[in-house]
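Structure, as structure tokens:
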Amino acid sequence: MTDTAAAVNAPSPMEPSMYRVTARDVESHDTVTLTLAPMADALPAPNPGQFFMLWAFGIGEAPISVAGVTADGSIVHTIRAVGAVTDALVALRPGDPVGMRGPYGTSWPVDAAAGADVLVVAGGLGLAPVRPVIDAIAADPSRFRSRRVLIGARTPGALLYPGASARWESQGVAVQRIVDRAGPDWTGPVGLITKLIEQSTLSEHTHAFLCGPEPMMRFSAMALIDQGVPPEQIWVSLERNMHCAYGHCGHCQLGSLFVCRDGPIVSWAAAQAVVRIPQR
Amino acid sequence: MGGSTLTPATLIVERDGLDALIGELRAQHRTVLGPLVRDGVITHGEVTGIDDLPIGWTEQQSGGTYRLQPTGTDEIFAFSTPSESWKRYVHPPRALMLRARREGPAITVETPRPEPEPVAFFGVRSCDLAALGILDRVLLDPEATDPNYAVRRSDIFIVAAGCSTPAATCFCASMQTGPSPTSGFDLSIAELKGSEPLSYLIAAGTERGAEVLGLLPGRSATAADHEHATAVHDQAVAAMHRTLDAADPPRAAAAPEHPQWNDIAERCLACGNCTMVCPTCFCSSVEDTTSLDGNHTDRTRVWDSCFGLDFTHMHGGPTRTSIASRYRHWLLHKLVTWQDQFDSSGCVGCGRCITWCPVGIDLTAEIPKLARAATEVAP
Ligand SMILES: Cc1cc2nc3c(=O)[nH]c(=O)nc-3n(C[C@H](O)[C@H](O)[C@H](O)COP(=O)(O)OP(=O)(O)OC[C@H]3O[C@@H](n4cnc5c(N)ncnc54)[C@H](O)[C@@H]3O)c2cc1C
Ligand code: SF4
Ligand code: SF4
Ligand code: FES
């Protein structure tokens, strides 16, 4: 039985904590990276893969993945302006307040990949939610047998965190980047990210972390399975409409999953049956 | 049921005893909500005595139709499910969740709690009692609790009432949620249909229920009274013709892309009526509305329906664009994925979604068709 008496005094799950923008880095014409520090008490530290609900006062909330945590505990988010809430978030300037609640959801099982071959596959803005995985393996590379990151974007200008790749390389992480459409200065490979997957050496010892548009994750997972990676070791970050982030509004349902609670990070073994059915 | 430790555990009353019960609950400063006739249907509202109840009324329900009918008797509980469930009292259609104001650089936020209000739900049908239990599992989940729901749920005196006259749309017996309440009530009433004078067997399910029972005029129940109540129950079960075979929903779920789903989609208007009347559908939207000066924001939780195209809105469009996909999501949630999520069915067999569907889509008819179609394509 549920304890109604205790539930009456439970804190409101809608209560935001107020944070302040302490840094704003422009990634592209519609995308910025914000660093947010608490004005009073900090929320619990997020695990890689989790997300917060960010509140733009007067507009509304949007779920945004954690792209990093700084040494002083500030939260880093990379946000693309695609509608009312994200437009308002992208327009924030250092000093501006922003409401936060969370962290919510499941995390990337990085520790389970210790001793194994790690492969990160990121498409477009999908690099933001897996960035904490890359930072974690770069911080302690000897824990993993090998480390490889594949990054895809539509154009060279849409590649996030241009400075980070060189740093990750210097920390023992192999980084390969590919674009759909090359510009005049692009000397790297052109095509879909699955092309890089096909050129990689993979095995049943590979643990893969995938984030990007759903078709990209689907094709990537299939390419990985073709090369012997078990579906239980392939992890994806799912995205669905979200209103509450705590399992009450119903919007994020995908089959039996509440993506806000049972996701966003789900193994391909669990996700494939639902993700493969159109309009599920 | 609490059983032998409660004193008295059962009582036989007549109409004046029921009236005294409502009076006693009101004397405890409870708002008594119960069935009444309004706008051509039996629904719920505040009742102050038994004269407010649907005495002498029953209803005819079938796919897409609802008609009140006089019974020609003075039975009080000869109807089945009221048009609306109790959901609106514990999980209101609109609820304020947050109120914020901005003054210069400072933002202050409050998350208002509703005032705890002692109420009594009078005449709760067994299916609706099961539905309240299901809502509890969703909204009082220890991992994610809605404290406002907890407040609204915290002081409800529940007087259940068994069904003697199920509607043609009812299938609680096959969902194992009715027609007679077995737990989750303070008191439970069984109308001893056909008794002279018309009497009611009231059973206590809690200590506070037994205390109220002790204040009512009546006599102790005999073995014959209990046999009468059992006979009424058995007749109600026998009168229920709709069923849902528990083996069918998983079969239907196994063929999510079968064209049979399109057969339903050709009729379904995606109006969402089924989700509004369903006593367990809990989905909602969260909306921020802001004053013109931009300094005051109210965040409201509003009932929403998975039949709306916007429900799955994403940058790039909704994920469930076809009506077939939305009906499939609803039906499979009710009957299959709810089980995975909450360890119970999401359907209690109240039949409201059948009655209030403007085109009369009947899940108890669609599920066997889907299950059969799925089996036919299987290798
Ligand atoms: C778990 C998760 C993590 C995310 N991480 C990031 C991130 O790191 N960076 C980033 O830029 N974006 C991220 N998104 C997407 C972001 O939440 C949406 O772009 C945003 O909600 C759009 O809201 P809007 O008001 O700006 O757009 P509008 O199109 O005006 O949206 C209207 C409403 O639709 C809903 N909605 C629209 N698109 C989405 C969507 N893609 N996902 C969920 N709800 C949506 C919102 O509830 C919103 O209120 C993430 C989404 C999820 C589910
Ligand atoms: S799905 Fe239909 S029959 Fe089942 S509980 Fe909801 S309204 Fe009642
Ligand atoms: S099944 Fe009936 S009530 Fe439900 S959305 Fe379709 S038309 Fe409306
Ligand atoms: S976002 Fe509300 S249930 Fe998942």
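Structure notes:
- Put a dot 7 Å past the Cα of B:F342, heading toward its Cβ, do the same for B:R267, and the two dots end up 2.6 nm apart.
- Each Cα pair under 8 Å and six or more residues apart adds its separation to the average, and for segment B:251-371 the resulting relative contact order is 33 percent.
- Environment charge at A:A208 (Cβ cut-off 15 Å; Lys +1, Arg +1, Asp -1, Glu -1): -1
- For chain A, the orientation-averaged shadow of the C-alpha convex hull comes to 16.2 nm² (one quarter of the hull surface).
- Computed FRET value (nearest 0.05) for A:D111 with B:R113, which takes r as the C-beta separation and R₀ as 51 Å: 0.80
- In this simple spin-label approximation, A:E15 and B:S220 carry label points 7 Å from Cα along the Cα→Cβ vector, and these lie 5.2 nm apart.
- Model label zone, A:R93; criterion: amide N under 17 Å from point 7 Å along Cα-to-beta-carbon; scope segment A:33-75: A:33-35, A:57
- Positive-end extreme of charge dipole, the protein assembly as shown - chosen from B:L21, A:T86, A:T194 (charges on Cβ): A:T194
- Pair A:R154, A:E204: separation of 7 Å Cα→Cβ label points (nm): 4.1 nm
- Kirkwood Rh in Å, taken over segment A:151-280 so that all alpha-carbon pairs contribute: 16.3 Å
- Along each principal axis, taking the top coordinate minus the bottom one, the Cα set of segment B:65-135 gives 68, 25, 22 Å in descending order.
- In this structure, the amide hydrogen of A:I234, modeled 1.01 Å from its nitrogen in the peptide plane, lies closer than 5 angstrom to those of A:A208, A:W268, A:A269, counting only residues at least 5 positions away or on a different chain.
- Percentage of interatomic Cα-Cα distances in segment B:89-222 larger than 20 Å: 59 percent
- HN-Hα J in Hz across segment A:246-251 - Karplus 6.51, -1.76, 1.60, θ = phi - 60°, x for Gly and Pro: 10, x, 10, 8, x, 5
- Unit charges on C-beta of K, R, D, E only; dipole of the protein assembly as shown, Debye: 1740 debye
- Note, ³J(HN,Hα) from phi for segment B:32-43, Karplus 6.51, -1.76, 1.60, rounded to Hz, x at Gly and Pro: 9, 9, x, x, 7, 8, 8, 6, x, 9, 8, 9
- At 1.002 mPa s and 20 °C, Stokes D of segment B:336-379 from Kirkwood alpha-carbon radius, µm² per second: 174 µm²/s
- Kirkwood Rh and Cα Rg combined as Rg over Rh, evaluated for segment A:1-70: 1.06
- Estimated vicinal HN-Hα couplings, Hz - segment B:127-142 in sequence order (Karplus 6.51, -1.76, 1.60; Gly, Pro = x): 4, 6, 5, 4, 5, 4, x, 6, 4, 4, 4, 7, 9, 10, 3, x
- Built amide H within the under 5 Å cut-off of A:G58, gap 5+: none
- Chain A, relative contact order [Cα under 8 Å, separation at least 6], %: 16 percent
- Sorted largest first, extent of segment A:168-222 alpha carbons per principal axis (Å): 39, 31, 18
- Rel. contact order, % - alpha carbon contacts under 8 angstrom, at least six apart, chain B: 22 percent
- The value for chain B of Rg(Cα) / (2.2 N^0.38 Å) is 1.07.
- Using the rule -39500 (n - 2.57) for each DSSP H run of four or more residues, divided by the residues of chain B, the 222 nm mean residue ellipticity is -8500 deg cm²/dmol.
- Amide H contacts of A:R20 (H built 1.01 Å from N, under 5 Å, at least 5 apart or other chain): A:A37, A:M39, A:V98
- Principal axis extents of the Cα atoms in the protein assembly as shown, from largest to smallest and rounded to whole angstrom, are 95, 66, 45.
- Across all directions, the shadow cast by the convex hull of segment B:251-371 built on its C-alpha atoms averages 9.4 square nanometres.
Here, each number is a calculation from the coordinates, and none is a lab measurement. Values in this document were obtained by computation on a predicted structure and should not be read as measured data. Virtual Cβ from ideal backbone geometry, glycine too; neighbours counted across all protein chains shown.
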